[in-house]
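Comments concern the structure below.
The values are calculated or read from the model by the stated rules, or taken from the named source; none is laboratory data. As the structure is a computational prediction, the values presented were derived from the model and not from experiment. Reconstructed Cβ throughout: ideal geometry from the backbone, glycine too, with neighbour counts over all protein chains shown. For accessibility, only protein heavy atoms count, side chains too; no ligands or nucleic acids. Shrake-Rupley method; radii C 1.70, N 1.55, O 1.52, S 1.80 Å.
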Amino acid sequence: MQSLFQSAAEIIQGEGADAPIGHLLLLIFGAFAVTGAGLAWRKDRRQIVSSALKLPLLPLITTVVCLPGLLMMGAVIGFELPPREVLSSILAIQAFHGVFVLSFVPVILFFGVGSSYDFMKLLNFIVFFAGGLISLGRYAVYLHEIAAASGLFLFACWAFLYCFVGCQTAWMIRPLIGSPGEHFVWRRRHGDMNFYGALAHSLRQVAKEGREPSEPADKANGLPAPQ
């Protein structure tokens, strides 16, 4: 347990690439599971359990999709790292990301009281996207010390792909927050919209809320108004 906490401290300090893979996986699952439960705290227990189980899949599915491309691009431009070292570095990025978003769960819970569903979706997107950029940026600093310019260019291209795929993965495993007024489902049907269409829709809805007279907080969250 002490070594696990030591690995967590190394990750926060930006030195987690050398941590054991087992410790990194435990931190990823633990941090994202607790965060997932926090996202769904206002829904029923099934949604809380579902979000806690599904959110750790977000970084892992994204890695499975993006890792082969990183290794192939590295081979093409002549910048190669041992696959195990690459995997450890990516898991360290994800572990830092998990710890980062976990630290913002109190903020998410605070704004969850009286805020609309679309606003909460945008808030969660900002927290997760900012955490991803900061996590990737910390690894870029480390990579700058060991790689040439070609390695940094490779990482920048892969980081864009990683963020693009990660956003769509979050859309595919939804619901994570739980839409007010809808029954619980383990996985929602996608319909005709992808993540980026849904993001634009939420932005329009939040802008519309800012122009219209505010509703009672309970009604905005799909709850009956107190009598």
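Some values worked out for this structure:
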read-out: Residue satisfying all of: in the range 42-63; among the charged types (D, E, K, R) and either surrounded by fewer than 16 Cβ atoms within 10 Å (Cβ to Cβ) or in contact with a Ser or Thr (Cβ under 9 Å, 6 or more places away or on another chain) (or both); modelled with the lowest pLDDT among these; value: K43
read-out: Residue match in the range 64-72 (condition: buried (at least 17 other Cβ atoms within 10 Å of the Cβ) and in a helix (DSSP H, G or I)); value: yes
read-out: Residue among F100, F96, F104 that is in contact (Cβ under 8 Å) with a residue 40 or more places away in the chain and under 18 Å from A130 (Cβ atoms); value: F96
read-out: Members of the range 123-142 found to be open to solvent by less than 20 Å² (accessible area, probe 1.4 Å) and either polar (S, T, N, Q) or touching a residue at least 40 places away in the same chain (Cβ under 8 Å) (or both), listed by number; value: N124, S135, L136
read-out: Unmet criterion (only one of (1) open to solvent by less than 30 Å² (accessible area, probe 1.4 Å); (2) modelled with pLDDT of 80 or more; (3) of a type in the set (G, A, S)) for A207; value: (1)
